[in-house]
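The values are calculated or read from the model by the stated rules, or taken from the named source; none is laboratory data. The model shown is predicted, which means the values in this text are computed figures rather than measured ones. Cβ coordinates were reconstructed from backbone atoms using ideal geometry, including for glycine residues, and neighbour counts include every protein chain displayed.
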Amino acid sequence: MSEQARKVKGSDLLVAALENEGVDRIFGVPGEENLDLVESLRNSRIELVLTRHEQAAAFMAATHGRLTGKPGVCLSTLGPGALNLSTGAAYAHLGAMPMILITGQKAIMSSRQARFQIVDVVATMKPLTKLARQIVSASSIPTVVRDAFRAAMEERPGPVHLELPEDVAGEEVASVPVIPVHPIEIPVAHRAALDRAAEMILAAKRPLVMMGAATSRPRSTHGIATFVRRTGMPFFTTQMGKGTVPGGTNLYMGTAALSERDYVHDAIDAADLIVAIGHDPVEKPPFIMGPSGPKVIHVSYTPASVEQVYFPDAEVVGDVGPSLELLADRVEGKLPQAAALLPLREGILNHIADRATEARWPPTPQRIVHDIRQVMPENGIVALDNGMYKIWFARNYRTRVANTLLLDNALATMGAGLPSAMMAAMLYPDRRVLAVAGDGGFMMNSQEMETAVRLKLNLVVLVLEDNAYGMIRWKQAVDHFADFGMTFGNPDFSLYAKAYGAKGHRIESIDSFVPTLDAAFKEGGVHLISIPIDYSENVRVLVDELRARDR
């Protein structure tokens, strides 16, 4: 074989390295600077999923990481395309979702187009990622890719950015072997830390467990559920920790959708010890620590980040599942006070369910959440965009399987709901997947309806219409500002869906909602269902009712 025959392009090395990592899809919008990479992908096992905006590609890649624990990969060109990935990078960075962002760049060995379209993307991405680097040599690509995937998956997981200049992508070099992938094992917690935590739990009279964002890692859920069962301590969840303990324990006390004063805080405020498993301070605080509050044990993969509202008294740092099993070994059968807070459970859950079946029109958020729960099986996935309804889903939507309510309580960006649901539908084609978005958030990435139809996904999109940026309008009213600058008009969403080749439905009565939703899932394909929503309950429940509890 001649020397020339043994040469390969840098883009071929990159694709071979991605295949070595198990990548089967790349999401994105290519540009001129990616053409060598696109050609290499054409001759590979990797599917290029063309999206209609780079932001959606990044949300899809991040959600792949969230649901599988393995990095999703997205692609863009230089400059404007790369900058469109930045919100998705921040979404993954704050949400601890492993992903790889690959962007193009002009040639670095010459500058035939001067500074046209050139932005320092690596510098831009550094504060939004765990690692950002430019690839300057084709021969280094297998090493760089292996290191990128390792960094993305190590605790705390997150995004990694690689910039591939077009001349490096097209450079022909002697073939370089890929680097074998090895498992990433996390040490268990130190014996002394486990002993200290066990001593605090044994001394507690009213213990309570909290499930935070990191409990939703795919590797975590078994050990966490076993810990709850073995100790018998009641638990509550943060918004992003929902579903990490299966149903049937009768120990669930609620979800902290607010930071204080909600009904679940009756248990939180009465506790003398909170075992905070997987808490991540990027979430809006589920409770606010103070000098007279309960003791807190931080159990997570990484040490606690001490904040004004969170400063734990002890830490158990290590692989969460195995560490909790060791902690349960120390306390199981020795906790006569484990269930001390359980008498509060019925009252808390009954308050949350108040008016959930009220038949008013337009429907309340409670009724919409209640009806969706009737249609979704336990393993069905609801992917939320960001808006006022997110608080209601966090409070009222009961989950029994991890990662079946995908909400973002970290960056809390609008526009992520539809792409996240699309990713879930691609990964789990046999499960019911529902995207829920307000009319404001949906229109930020609504063009991806075309992508969903082209990919022949089974997906239902629910658009809640209030003709406003409702959460900010609510805050405007709560803070006694004038109602100004938050309202807009909408298209006919049923016709809008049909224009993309999807099925469109508009709900005209609450009695038709469940049948329409169920029929859409049974038919398959892409459906959009729009329904008006009455947000007057925001003030009644989340302001007036909760304020009255302080009196």
Quiz prompt | Any pair with Cβ under 6 angstrom, 6 or more apart, that starts in segment 364-387 at a residue that is assigned by TED's automatic domain parsing to the domain that holds Thr404 and under 25 Å from Gly88 (Cβ atoms) and ends at one that is part of a helix (DSSP H, G or I) and charged (D, E, K, R) | solution = Leu384/Lys390
Quiz item: Within segment 220-238, can you find the residues that are of a type in the set (D, E, K, R) and in contact with a helix residue (DSSP H, G or I) (Cβ under 6 Å, 6 or more places away or on another chain)?
Solution: Arg230
Practice problem: Looking for whichever is closer than 17 Å to Lys9 by Cβ and surrounded by 13 or more Cβ atoms within 10 Å (Cβ to Cβ) here; the options are Ile108, Ile179, Ile186. Which one fits? | Solution: Ile108
Quiz prompt | Answer from Glu325, Glu283, Glu315 - the residue that is in contact with a Ser or Thr (Cβ under 7 Å, 6 or more places away or on another chain) and either modelled with pLDDT of 95 or more or not in a loop (DSSP other than H, G, I, E, B) (or both) | solution = Glu325
Quiz prompt | Condition met for Ala57 (over 25 Å from the mean Cα position of the chain (by Cα) and either at pLDDT 95 or above or within 22 Å of Met444 (Cα to Cα) (or both)) | solution = no
Quiz item: If only one of Ala394, Ala383, Ala402 is among the aliphatic types (A, V, I, L, M) and modelled with pLDDT of 95 or more, which one is it?
Solution: Ala383
Quiz item: Going by the structure shown, is Ala16 within 17 Å of Leu411 (Cβ to Cβ) and at pLDDT 95 or above?
Solution: no
Quiz prompt | Criterion: out of contact with any helix residue (DSSP H, G or I) (no Cβ under 9 Å at 6 or more places or on another chain) and not assigned by TED's automatic domain parsing to the domain that holds Ala394 - qualifying residue of Glu315, Glu307, Glu283 | solution = Glu307
Quiz item: What's the number of the condition Gln366 fails, among (1) exposed (fewer than 14 other Cβ atoms within 10 Å of the Cβ); (2) under 30 Å from Leu459 (Cα atoms); (3) under 28 Å from the mean Cα position of the chain (by Cα)?
Solution: (1)
Exercise. Take segment 278-296 and flag every residue that is touching a Leu at 6+ places or on another chain (Cβ under 7 Å) and either closer than 24 Å to Ala203 by Cβ or surrounded by 24 or more Cβ atoms within 10 Å (Cβ to Cβ) (or both).
Key: Pro294, Lys295
Quiz item: In segment 140-149, how many are buried (at least 16 other Cβ atoms within 10 Å of the Cβ) and either of a type in the set (Ser, Thr, Tyr) or under 20 Å from the mean Cα position of the chain (by Cα) (or both)?
Solution: 2
Quiz prompt | Considering residues of segment 382-391 that are hydrophobic (A, V, I, L, M, F, W, C) and surrounded by 24 or more Cβ atoms within 10 Å (Cβ to Cβ) only, the residue farthest from Leu427 (Cα to Cα) | solution = Leu384
Quiz item: Of Ala257, Ala198, which residue is touching a residue at least 60 places away in the same chain (Cβ under 8 Å) and part of a loop (DSSP other than H, G, I, E, B)?
Solution: Ala257
Quiz item: Among (1) surrounded by fewer than 18 Cβ atoms within 10 Å (Cβ to Cβ); (2) assigned to a loop (DSSP other than H, G, I, E, B), which single condition is Ala304 missing?
Solution: (1)
Practice problem: Could you grab me the full set of residues in segment 422-459 that are over 22 Å from Val514 (Cβ atoms) and among the polar types (S, T, N, Q)? | Solution: Asn445, Ser446, Gln447, Thr451
Self-check item: Restricting segment 455-487 to residues that are touching a residue at least 24 places away in the same chain (Cβ under 8 Å) and in a helix (DSSP H, G or I), the residue that is nearest to the chain's Cα centre (by Cα)
Solution: Met471
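Please verify whether Ala276 is part of a loop (DSSP other than H, G, I, E, B) and either touching a helix residue (DSSP H, G or I) at 6+ places or on another chain (Cβ under 8 Å) or in contact (Cβ under 8 Å) with a residue 60 or more places away in the chain (or both), treating the condition exactly as stated.
no
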Practice problem: Kindly check whether there is at least one residue in segment 321-331 that is within 22 Å of Gly278 (Cα to Cα) and of a type in the set (Lys, Arg). | Solution: yes
Exercise. Would you mind stating whether Arg150 is more than 21 Å from Leu326 (Cα to Cα), part of a helix (DSSP H, G or I), at pLDDT 95 or above and not acidic (Asp, Glu)?
Key: yes
